[in-house]
Each structure stands twice: as structure tokens, then as C-alpha cells.
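S.K.: Can you keep this structure in mind? I'll have questions shortly.
The values are calculated or read from the model by the stated rules, or taken from the named source; none is laboratory data. These figures come from a predicted structure and were not determined experimentally. So basically every Cβ, Gly included, is an ideal-geometry build from the backbone, and we count neighbours across all protein chains shown.
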Amino acid sequence: MNYHNVSFAAAYGTSGQLPASTRPEVAFVGRSNVGKSSLLNKLFNRKKLAKVSSKPGKTSTINFFNAENSHFVDLPGYGYAQVSKSEKVRWAEMINGYFEQDRNFTLVVSLIDIRHPATSLDVQMVEFLKEAELPFMIVLTKADKLSKSQIMRQKAALRKQLSFGPETEVVACSSESGLGIDELKKAIERHLAE
Ligand code: GDP
């Protein structure tokens, strides 16, 4: 897949506004500030395609990107403490609403910060993905902040915390150094080819 051909398609403020699913969808979820925009920009090799927020939680829309024979879907970041209750309700409506629809769920990339244990919302997200039997993988973000041995340790700790079997793919990535990005691209392409 040519990641240079990716373009922004549209932003939706409610799941009800989403167009019918016409292509395989690769969706990205994670708590706000986990590094989701940076990772998308790194994947697409574009500095500003997905916004890197100075203020986390500011944008809460579902953003669609056109890629080769697929859509990449940037779901709003969860768990930002400083937003109002009504904004949290809106966020939940968007995430739940997206996953409740009849869509071509090809892969959900669930992002977790490699430096910390998964938060309770990360755990909820992963439990939901397992229960709904959605095809998903985990990206551990900001891996440049840790040494190789720390990465191995954290990977194992998170696998244990989230009770992953060997079938769950976990890739440590860095949008700064590029670590893991090729592996992530290969995983996405494998799912799109299935
Ligand atoms: P989002 O809210 O999930 O979209 O997160 P952003 O992409 O806006 O990133 C949040 C913060 O983490 C920003 O200050 C980024 O510069 C920083 N960040 C994102 N990815 C990385 C990474 O791979 N390594 C490091 N060191 N910092 C990162």
C-alpha cells in the first residue's frame, strides 16, 4: 500500500453522520495524548495530516482518511480528565456508535502508552474488542522513551495485564524514531489482504 496517497476525507461529530461503510476500515483508538495523531502522521509520512494536539482532548470527531482501497479511521481519544461530562457522553456515543454499526471492520489498532500500565479505560477498550470479536492489534506508543530491555519488560507486563494470548499482536512503536512503524504497516497490510 502506498501511504503517500492517503488524504483526509471528512470529520464527523456524531456516529449518526457517518456514511455507509464502503471500504475496509482500519480504525485507531487510544486515550487522548497517547500519540495517535503523531502515529498517523508517521504512517502517512505527513507532518500535519492528523493534528497533533497541544491541548489533548480538544478534537473529538471521527476522522476518515482515504487510503488505497481502504479507509483509515481516527476515533476520538478517550479519558481526558479536563472535559465536561457532556463531552464525555458525546465521546462515548461516537465510539460506541461507530462499533455498533454494520461496517467493514478490518483491523482496530488500539494504542497504549508503553511507559505505564494500561489505564482502566484502556482495559475496558481491550475487553470490548475481545468480546465483540473484532480483529485488533496493540501498538505500544512512545517506545523511544525506553531502552530495548525496558521495552521487552513492558511488553511482557502489558501482555500479562491484558491477558493476551499468543494470537494478539503487540508492536512497540515510536513516531519519533520510526521504531516499529514498518512492522505496523506490514500488519495493517496483512489484515487488508485477508
Ligand atoms: P493524541 O492526543 O493521541 O493524538 O497524541 P499526540 O500525537 O497529539 O501526542 C501527544 C504528545 O505526545 C505530543 O506532545 C507528542 O509530541 C508526544 N508524542 C507522540 N508520539 C510520540 C513518540 O513516539 N515519542 C515521543 N517521545 N513523544 C511522542
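S.K.: Mind checking which residues of the range 66-90 are aromatic (Phe, Trp, Tyr) and not in a strand (DSSP E or B)?
M.R.: Tyr80
S.K.: Which of the following residues is basic (Lys, Arg), away from the ligand (no atom under 12 Å from the Cβ) and within 23 Å of Ala193 (Cα to Cα): Arg23, Arg46?
M.R.: Step by step, each of Arg23, Arg46 is checked, and only Arg23 is basic (Lys, Arg), away from the ligand (no atom under 12 Å from the Cβ) and within 23 Å of Ala193 (Cα to Cα).
S.K.: Further question on the same structure: Quickly run through the range 136-157 and pick out the residues that are loosely packed, with under 13 Cβ neighbours inside 10 Å and either within 25 Å of Asp102 (Cα to Cα) or within 16 Å of the ligand (Cβ to nearest atom) (or both).
M.R.: Those that are loosely packed, with under 13 Cβ neighbours inside 10 Å and either within 25 Å of Asp102 (Cα to Cα) or within 16 Å of the ligand (Cβ to nearest atom) (or both): Ser147, Lys148.
S.K.: Sort out which residues of the range 11-26 are closer than 14 Å to Ser70 by Cα and surrounded by 13 or more Cβ atoms within 10 Å (Cβ to Cβ), and write them in order of number.
M.R.: Ser21, Arg23, Pro24, Glu25, Val26
S.K.: Something else about it: In this structure, is Phe105 free of Cβ contacts under 8 Å to residues at least 40 places away in the same chain and within 15 Å of the chain's Cα centre (by Cα)?
M.R.: no
S.K.: Report whether or not Ile112 is within 15 Å of the ligand (Cβ to nearest atom), at pLDDT below 95 and of a type in the set (A, V, I, L, M, F, W, C).
M.R.: no
S.K.: Looking only at the range 128-142, how many residues end up being among the acidic types (Asp, Glu) and either touching a residue at least 24 places away in the same chain (Cβ under 8 Å) or part of a loop (DSSP other than H, G, I, E, B) (or both)?
M.R.: The total comes to 1.
S.K.: Quick one: count up the residues across the range 149-194 that are over 30 Å from Glu68 (Cα atoms) and hydrophobic (A, V, I, L, M, F, W, C).
M.R.: 7
S.K.: Then there's this: Can you name the residue in the range 158-176 that is over 16 Å from the mean Cα position of the chain (by Cα) and surrounded by 13 or more Cβ atoms within 10 Å (Cβ to Cβ) and, of all such residues, is nearest to Lys51 (Cα to Cα)?
M.R.: The qualifying residue nearest to Lys51 (Cα to Cα) is Glu176.
S.K.: Count, please, the residues in the range 176-193 that happen to be away from the ligand (no atom under 12 Å from the Cβ) and either without any contact (Cβ under 8 Å) to a residue 40 or more places away in the chain or of a type in the set (Lys, Arg) (or both).
M.R.: Residues meeting the conditions: 6.
S.K.: If you don't mind, there's one more thing I want to ask. Going by what's in this entry, would Leu18 be described as at pLDDT below 85, more than 10 Å from the ligand (Cβ to nearest atom), farther than 22 Å from Ser120 by Cα and in contact with a strand residue (DSSP E or B) (Cβ under 7 Å, 6 or more places away or on another chain)?
M.R.: For Leu18, the condition - at pLDDT below 85, more than 10 Å from the ligand (Cβ to nearest atom), farther than 22 Å from Ser120 by Cα and in contact with a strand residue (DSSP E or B) (Cβ under 7 Å, 6 or more places away or on another chain) - is not met.
S.K.: Mind counting the residues in the range 143-175 that are without any contact (Cβ under 8 Å) to a residue 40 or more places away in the chain and closer than 17 Å to Lys36 by Cβ?
M.R.: So the count comes out to 6.
S.K.: Would you check if Val123 is over 28 Å from Tyr3 (Cβ atoms), over 13 Å from the mean Cα position of the chain (by Cα), in a helix (DSSP H, G or I) and touching a residue at least 24 places away in the same chain (Cβ under 8 Å)?
M.R.: yes
S.K.: Given (1) under 29 Å from Arg46 (Cα atoms); (2) part of a helix (DSSP H, G or I); (3) among the charged types (D, E, K, R), identify the lone condition not met by Glu93.
M.R.: Checking Glu93 against (1) under 29 Å from Arg46 (Cα atoms); (2) part of a helix (DSSP H, G or I); (3) among the charged types (D, E, K, R), the one that fails is (1).
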